[in-house]
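Student: Supplied in structure tokens, the structure appears directly below.
The values are calculated or read from the model by the stated rules, or taken from the named source; none is laboratory data. These numbers come from a predicted model, not from an experiment. Note that we place each Cβ from the backbone using ideal geometry, even for glycine, and neighbour counts take in every protein chain shown.
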């Protein structure tokens, strides 16, 4: 899985130079506004945030910190709905001091619901430093293995042309990687502040 994450990162870095050059926008116009003309490519974006780790399960209630960087789309399409199928690539981490930490890389699909509200879905490869041995502490998750996938869903609002606030639900999946009884990866619910540059 680590090789897959590296390949996804390499692909996103290779796709970035072919992104459409940024064009100046009139004052007060959002680069995300749905129009009949081709929308400008989303720019690089950095997000930082906090979440509650694994509500209702082991490691529940731990404060989780996260950071992510996303590339622009390789190119944009005229149709707003079709454009949602053109992914951006991301690289990120999710960490806390007393529970499972992981790093991930993958693709993010963004759909503009309105000029300011958007929805996202993400999928990619991930690696973790969680517990996988025969004896698992009572307050820790039994992950089964240290590689898997990360899935996320988000709903965001653009505060202006640069800043956004995003509510996120993410899950690290280890399904099928171990014969152990019910290995389960962490799920985090939180929010992130994004900055486009």
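Student: Name the residues in segment 43-62 that are within 21 Å of residue 106 (Cβ to Cβ) and part of a loop (DSSP other than H, G, I, E, B), would you?
Tutor: Residues satisfying the conditions are 43, 44, 54.
Student: Okay, moving on. Would you check which residues across segment 160-170 are touching a strand residue (DSSP E or B) at 6+ places or on another chain (Cβ under 6 Å) and either crowded, with 18+ Cβ neighbours inside 10 Å or in contact (Cβ under 8 Å) with a residue 40 or more places away in the chain (or both) and list them?
Tutor: Scanning segment 160-170 gives 164, 166, 168, 170.
Student: Against the condition surrounded by 14 or more Cβ atoms within 10 Å (Cβ to Cβ) and within 16 Å of residue 58 (Cα to Cα), how does residue 149 come out, does it pass?
Tutor: On the way: surrounded by 14 or more Cβ atoms within 10 Å (Cβ to Cβ): yes; within 16 Å of residue 58 (Cα to Cα): no.
Taking the combined requirement at face value, the residue does not satisfy it.
Student: Continuing with this model, one more query. Taking the criterion of being farther than 15 Å from residue 94 by Cα, in contact with a helix residue (DSSP H, G or I) (Cβ under 9 Å, 6 or more places away or on another chain) and surrounded by 18 or more Cβ atoms within 10 Å (Cβ to Cβ), would at least one residue in segment 112-128 satisfy it? Write out each step before concluding.
Tutor: Within segment 112-128, the subset farther than 15 Å from residue 94 by Cα is 112-121.
From what is left, the residues that are in contact with a helix residue (DSSP H, G or I) (Cβ under 9 Å, 6 or more places away or on another chain) are 112.
If we keep only those that are surrounded by 18 or more Cβ atoms within 10 Å (Cβ to Cβ) as well, we get 112.
Yes, that holds for at least one residue.
Residue-wise test of (1) buried (at least 19 other Cβ atoms within 10 Å of the Cβ); (2) in contact with a strand residue (DSSP E or B) (Cβ under 9 Å, 6 or more places away or on another chain).
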residue: 50; (1), (2): no, yes
residue: 59; (1), (2): yes, yes
residue: 67; (1), (2): no, yes
residue: 71; (1), (2): yes, yes
residue: 78; (1), (2): no, no
residue: 86; (1), (2): no, yes
residue: 97; (1), (2): no, yes
residue: 100; (1), (2): yes, yes
residue: 104; (1), (2): yes, yes
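Student: If a residue has to be farther than 18 Å from residue 98 by Cα and outside any loop (DSSP other than H, G, I, E, B) to count, how many in segment 137-157 make the cut?
Tutor: Looking only at that region, the number is 11.
Student: So, one more: Only one of these conditions is not met by residue 180: (1) surrounded by 15 or more Cβ atoms within 10 Å (Cβ to Cβ); (2) at pLDDT 95 or above. Which number is it?
Tutor: Going through the list (1) surrounded by 15 or more Cβ atoms within 10 Å (Cβ to Cβ); (2) at pLDDT 95 or above, residue 180 breaks only (2).
Student: Can you name every residue in segment 57-89 that is at pLDDT below 90 and under 20 Å from residue 102 (Cβ atoms)?
Tutor: 57, 58, 59, 60, 61, 62, 63, 64
Student: Would you confirm whether any residue within segment 146-165 is more than 20 Å from residue 52 (Cβ to Cβ) and modelled with pLDDT under 85?
Tutor: Scanning segment 146-165, I find at least one residue that is more than 20 Å from residue 52 (Cβ to Cβ) and modelled with pLDDT under 85, so the answer is yes.
Student: Being free of Cβ contacts under 8 Å to residues at least 40 places away in the same chain and part of a strand (DSSP E or B) narrows it down to one residue among 89, 97, 65; which is it? Working first, answer last.
Tutor: Numbers: 89 fails: free of Cβ contacts under 8 Å to residues at least 40 places away in the same chain; 97 fails: part of a strand (DSSP E or B).
65 is the lone residue from the list that is free of Cβ contacts under 8 Å to residues at least 40 places away in the same chain and part of a strand (DSSP E or B).
Student: Could you say whether any residue in segment 33-42 is in contact with a strand residue (DSSP E or B) (Cβ under 7 Å, 6 or more places away or on another chain) and at pLDDT below 50?
Tutor: The first filter runs over segment 33-42 and keeps only residues in contact with a strand residue (DSSP E or B) (Cβ under 7 Å, 6 or more places away or on another chain), leaving 34, 42.
Retained after the next criterion (residues that are at pLDDT below 50): 34.
Yes, the conditions are met somewhere in segment 33-42.
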